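Everything on this sheet refers to the single structure shown next.
The values are calculated or read from the model by the stated rules, or taken from the named source; none is laboratory data. Just so we're clear, the structure is a prediction, and the values are computed from it rather than from any experiment. Quick reminder, even Gly has a Cβ in these numbers, built from the backbone with ideal geometry, and neighbours come from all protein chains shown. When the accessible area is computed, the model is the full protein with side chains, heavy atoms only, and any ligands, DNA or RNA have been set aside. Shrake-Rupley method; radii C 1.70, N 1.55, O 1.52, S 1.80 Å.
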Amino acid sequence: MAETRTISVQQHIMSANDLLAGDIRARLDAAGAFAINIMASPGGGKTSTILRTVQALKSEMRIAAVDGDIVPVDVDRIAAEGIPVELVNTGGSCHLDANMLLGVIDKVDLEHTDLLIIENVGNLVCPANFALGAHANVVIASVPEGADKPYKYPGMFRGADVLLLNKIDYMPLSDFDVEYFRRGVMAVNPDVTFLPVSCRTGEGLEGWYDWLRAHVRK
Ligand SMILES: Nc1nc2c(ncn2[C@@H]2O[C@H](COP(=O)(O)OP(=O)(O)OP(=O)(O)O)[C@@H](O)[C@H]2O)c(=O)[nH]1
Ligand SMILES: [Mg+2]
């Protein structure tokens, strides 16, 4: 019987994605649009953060959004805030990749966009492995998920430029150990901008808006 051999092609798939991500970055830069890739577990607060951000900043900057999902539930919520938003139908994939994003980027008026917000698929593993050409990775962890997430999903936390610890309003009901969480984050990503926030009460979000104000060219 013929011998079975396993050939890893992972490297090549990643490289192809990186090339397409480079194309997206070039188009964003040519248009002067700053893009963020928001990643979190399902329910961590990606859409809530987008809604809050749009409400707070849409009078200061032109915001558009792209949402990776299989149904337009979040797209409809974001559109209700009065900004352009496109659904990238992921067909059930566990992440967005650059090719999927390229499929909708032409529908976004990048020339008239200062901030493009990409809501990735709810997952703490796969999205970290696929660059989208965004200028910054924004990872959201949330208090009910527990403080051990940086230890269990280091790849996601390692790649973050901004880390929002959301749902801090749950802190009094929780055994969440902020120092344990912070140590886990610092072990893999000491330079990350770490901001505890609550999309429910608004606590801490001013720091997030200021980070965006400092990075988005208007
Ligand atoms: N108490 C509290 N609830 C929050 C907070 N942020 C979000 N939620 C709630 O958490 C739930 C999930 O929030 P979403 O913003 O939809 O989360 P998501 O990450 O977009 O979820 P998926 O798109 O399904 O992956 C909703 O019921 C929100 O109202 C917060 O800071 N505090
Ligand atoms: Mg969502």
Percent breakdown of C-alpha pair distances by 10 Å bin, ordered from the shortest bin, for the chain: 8, 34, 36, 16, 4, 1, 0
- request: First select every other residue whose beta carbon is under 15 angstrom from the beta carbon of Ala26; then total the charges, Lys and Arg +1, Asp and Glu -1.
  value: -3
field: Per residue convex hull volume, Cα atoms of region 91-214, in Å³
entry: 126 Å³
- line: dims of region 148-202, Cα set, principal axes, largest to smallest, nearest Å -> 28, 21, 15
- request: Calculate, for Arg200 and Ala16, the FRET efficiency according to 1/(1 + (r/R0)^6) with r their C-beta to C-beta distance and R0 35 Å; round to the nearest 0.05.
  value: 0.30
statement: With a Förster distance of 22 angstrom and the Cβ-Cβ distance between Ser174 and Val125, calculated FRET efficiency to the nearest 0.05 equals 0.40
message: Leaving out ligands and nucleic acids, and using a 1.4 Å probe, what accessible area per residue does the chain come to in Å²?
response: 48 Å²
- request: Just check region 110-183 against the gyration tensor rule for me: Cα atoms, a ≥ b ≥ c as the square roots of the eigenvalues, rounded for a/c under 1.5, and otherwise prolate or oblate depending on whether a/b exceeds b/c.
  value: prolate
Largest to smallest accessible area among His112, His215, His95 [probe 1.4 Å]: His112, His215, His95
query: Name the trypsin sites (Lys or Arg not before Pro) in region 19-118 that are in a loop by DSSP and that have at most 16 other C-beta atoms within 10 Å, would you?
result: Lys58, Lys107
- prompt: Relative contact order of the chain: what whole-number percent is it, with Cα pairs under 8 angstrom and at least 6 residues apart?
  reply: 24 percent
task: Give, rounded to the nearest 20 debye, the magnitude of the charge dipole that region 10-215 has about its Cα centre when Lys and Arg contribute +1 at Cβ and Asp and Glu contribute -1 at Cβ.
output: 260 debye
